[in-house]
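One structure is given below, encoded as structure tokens.
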Amino acid sequence: FEAYQARLGPLHPETLSAAHGLAMMLKNTQHYAEAEALLRATFEARKLKLGPADAATLETALELASLLWRSGLLEEAEPFLRSTHDNRRSQLGPEHDKTLDAANDLALLLKQLGSMPEAEALYRSTYATRRRRRGGDDELTINSAMSLALLLKQTSRYDEAEALYRRAYDARTR
């Protein structure tokens, strides 16, 4: 990383890619504070150099959100997940798999933050889109059904949750 920085400069895309790689290695080896600092710096540099909607910038935003989430800093993770979801939605469209993955991640975080109505809306949309595009027996569709069912159960809507759990069970046992 330091060699790239010295040779190419701190904002060169290859330097930023090396910084991201080093941050991931630090994260994977549980050097969380150092990884967080490097991910934050890399995110800001990529946002400046490549733009906030660039795929590499969004990749760093997701990794930073994941690290913050893992560290219990849910409120800090939320803007990174929301930005990633919004950018993927506008760039790739609302039905792209990466957009749906980002929606699911954001819904889970929002649920943990207690924002049940917004989480439910995202889960419902993701489930409906996956069911329509992939069918009811697809693993991602089943996972979306289970996520929505769990939220419904947690909000005491047992009949609707049961119907989704049954649908998921039936799909997995066919």
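The values are calculated or read from the model by the stated rules, or taken from the named source; none is laboratory data. In this text the structure is predicted, and so the values were computed from the model without any measurement. Cβ coordinates were reconstructed from backbone atoms using ideal geometry, including for glycine residues, and neighbour counts include every protein chain displayed. Note: areas computed on protein heavy atoms with side chains; ligands, DNA, RNA excluded. Shrake-Rupley method; radii C 1.70, N 1.55, O 1.52, S 1.80 Å.
If you average the sequence gap of Cα pairs under 8 Å that are 6 or more apart and divide by the length of the chain, what percent do you get for the contact order?
10 percent
Would you calculate, for the chain, the mean residue ellipticity at 222 nm contributed by helices, counting each DSSP H stretch of 4 or more residues as -39,500 (n - 2.57) and dividing by all residues, to the nearest 500?
-27500 deg cm²/dmol
Percent of accessible area on the chain owned by carbon and sulfur, 1.4 Å probe?
52 percent
Roughly how many whole Å is it from the C-alpha centroid of region 43-95 to that of region 141-174?
Going from one Cα centre to the other spans 29 Å.
Can you tell me the length gained on complete extension of the stretch SER71 to ASP170, counting 0.36 nm per residue apart and subtracting the Cα distance?
That works out to 32.0 nm of additional length.
Rounded to two decimals, what is Rg over Rh for region 30-154 when you use alpha-carbon atoms and the Kirkwood radius?
On the way: Rg = 15.1 Å, Rh = 15.1 Å.
The Rg/Rh ratio comes out at 1.00.
Determine ³J(HN,Hα), in whole Hz, for all residues of region 145-152 in sequence, where each value follows from phi through the Karplus function 6.51 cos²θ - 1.76 cosθ + 1.60 and θ = phi - 60°; x replaces Gly and Pro.
Listing the rounded values in order: 4, 5, 5, 5, 4, 4, 4, 5 Hz.
Taking the solvent-accessible surface of protein heavy atoms with a 1.4 Å probe, what is the per residue accessible area of the chain in Å²?
Working: 9230 Å² over 174 residues.
Value for the chain: 53 Å² per residue.
Are there GluC sites (Glu not before Pro) in region 61-135 that DSSP marks as loop and that have at most 14 other Cβ atoms within 10 Å, and which are they?
Here the GluC sites (Glu not before Pro) that fit, given the DSSP loop and packing criteria, are GLU95.
Any chance you could look up the accessible area of ASP138 with a 1.4 Å probe, heavy atoms only, rounded to 10 Å²?
Number for this one is 40 Å².
Does a label point 7 Å from the Cα of LEU92, set along Cα-to-beta-carbon, have any residues of region 37-77 with amide nitrogen under 19 Å, and which are they?
47, 51-67
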